[in-house]
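The values are calculated or read from the model by the stated rules, or taken from the named source; none is laboratory data. Please read all numbers here as calculations on a predicted model, not as lab measurements. Note that each Cβ is placed from the backbone with ideal geometry, even for glycine, and that neighbours are counted across all protein chains shown.
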Amino acid sequence: MILLRLSHCEVTFGEQIFLQTNGVACMVAVDFKRQLEGYGLTTANILYRLPDHPVLLQAYVWQNYDIAPEFPELRKFLDFWSRELEGPLHSVKVAHRQLVSASEVRTIATEFHLN
């Protein structure tokens, strides 16, 4: 699937993509692809109770690209936490920032190389 055409190379996406067209190598990171799809940087401050000392709270910071307001990646992580880890969750505070939107990305028609 071709998602983006940059002046002289076609870019498809996977973990990290390296293509060579017209002698020019292109690399696109998965994080950039996700930002174009509407993902933004999400940070969750998770407070949980220590299994051996339930009166004490411990903090854990989780950060990943996710889509607001549903936060499917965070929900998967919290479901995993509840299912597999012993420390019961106390609270979760979420901050989200859209870093790049599709309207901020423009393709270039011409490219000049200076020696």
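Listed by position, the strands (runs of 3 or more DSSP E) contained in the stretch 19-71 that have at least 3 residues being modelled with pLDDT of 95 or more are 40-49, 57-66. Among the residues of the stretch 38-68, those that are surrounded by fewer than 17 Cβ atoms within 10 Å (Cβ to Cβ) and without any contact (Cβ under 8 Å) to a residue 24 or more places away in the chain comprise D52, H53, V55, L56, A59, Y60, V61, Q63, N64. Against the definition (exposed (fewer than 14 other Cβ atoms within 10 Å of the Cβ), of a type outside the set (A, V, I, L, M) and at pLDDT below 75), how does E111 come out, yes or no? So E111 fits the description; yes.
Of all residues in the stretch 72-102, those being assigned to a helix (DSSP H, G or I), basic (K, R) and closer than 29 Å to L36 by Cβ number 2.
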